[in-house]
1. Is at least one residue of the stretch B:117-132 part of a helix (DSSP H, G or I), surrounded by fewer than 21 Cβ atoms within 10 Å (Cβ to Cβ) and at the interface with chain A (Cβ under 8 Å from one of its Cβ atoms)?
2. Between a first residue in the stretch A:34-61 that is over 25 Å from residue B:38 (Cα atoms) and a second residue that is surrounded by fewer than 18 Cβ atoms within 10 Å (Cβ to Cβ) and modelled with pLDDT of 90 or more, which pairs have beta carbons less than 7 Å apart while being 6 or more apart in sequence or on different chains?
3. Could you list all residues from the stretch A:10-39 that are more than 9 Å from chain B (Cβ to nearest Cβ) and farther than 21 Å from residue B:91 by Cβ?
4. Among the residues that make up the stretch B:229-237, is at least one of them over 26 Å from residue B:30 (Cβ atoms), within 11 Å of another protein chain (Cβ to nearest Cβ), outside any helix (DSSP H, G or I) and in contact (Cβ under 8 Å) with a residue 24 or more places away in the chain?
5. Of the conditions (1) under 30 Å from residue B:217 (Cα atoms); (2) in a helix (DSSP H, G or I), residue B:106 clears all except one; give me its number.
């Protein structure tokens, strides 16, 4: 459908190699003591990988329908509400 | 818009060109049929995200509450097997996207080969997972009456033992999350076997390949779930 890329196959292989490199990076990062930032680094790398899969392998980047993009954004939005508000509750209960 | 499409379909019908067997009669044109399938698939995936999201939320809350035990329990997982499985799934995502490309460009052998590779990689993932589960059973790390997690040191606190009942919560979440993920993999393999049969019969053409595309979306979603499960369960509490 989208003709902006001359060779999608080359893009797919590049993304695949990037994802494998990201996996190696996150395994390496887990062995380094970063204190509380270990979780943040691991989840940031995971989110970058998920974004690459969604944009290039699931073709959100080339999706012709705005409706699909709306569904994706709404999904992420509601997931963040679920996680952020729940964590804000439990993380602050001990404060009193 | 709907009006103009209706007129278009009537025109097509009048000219006797509406012979595409893959086009269902309630759709005006193949593109509209494909877009409807795509939107439906994405909404289904949205429900799946919220479904797994609840489990991720439970995991994060209990990790906050029993941080020491979650760290001790996480270190008992086989990092090399988990990392290998991540790589296997990433490779399968590549074969899926190549299969979709092949279906859209009428490259039969490329399509069949990549569908077969995807199914094989799916089984490799499940096989490695089975090895991991087996190890958990042997070590009595499966929640239940035979659960054992005694005298395991809390990382960073020498001389302090992890509370087994708190560690059991980690393993309960581990088995539910990876188990549900594995169930999705089994369903995904089933879908791809069906796609392989259809592709073998030559049902997919550059004009009609929506099932390959939608099956691919499902497979990539399952891959993304694992991309988050791997660091959360195996990695974030592993540092010395």
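1. Checked the stretch B:117-132: no residue is part of a helix (DSSP H, G or I), surrounded by fewer than 21 Cβ atoms within 10 Å (Cβ to Cβ) and at the interface with chain A (Cβ under 8 Å from one of its Cβ atoms).
2. Matching pairs, first to second residue: A:45/A:25.
3. A:36, A:37
4. yes
5. Condition not satisfied by residue B:106: (2).
The values are calculated or read from the model by the stated rules, or taken from the named source; none is laboratory data. None of the values given here were measured: they were computed from a predicted structure. Reconstructed Cβ throughout: ideal geometry from the backbone, glycine too, with neighbour counts over all protein chains shown.
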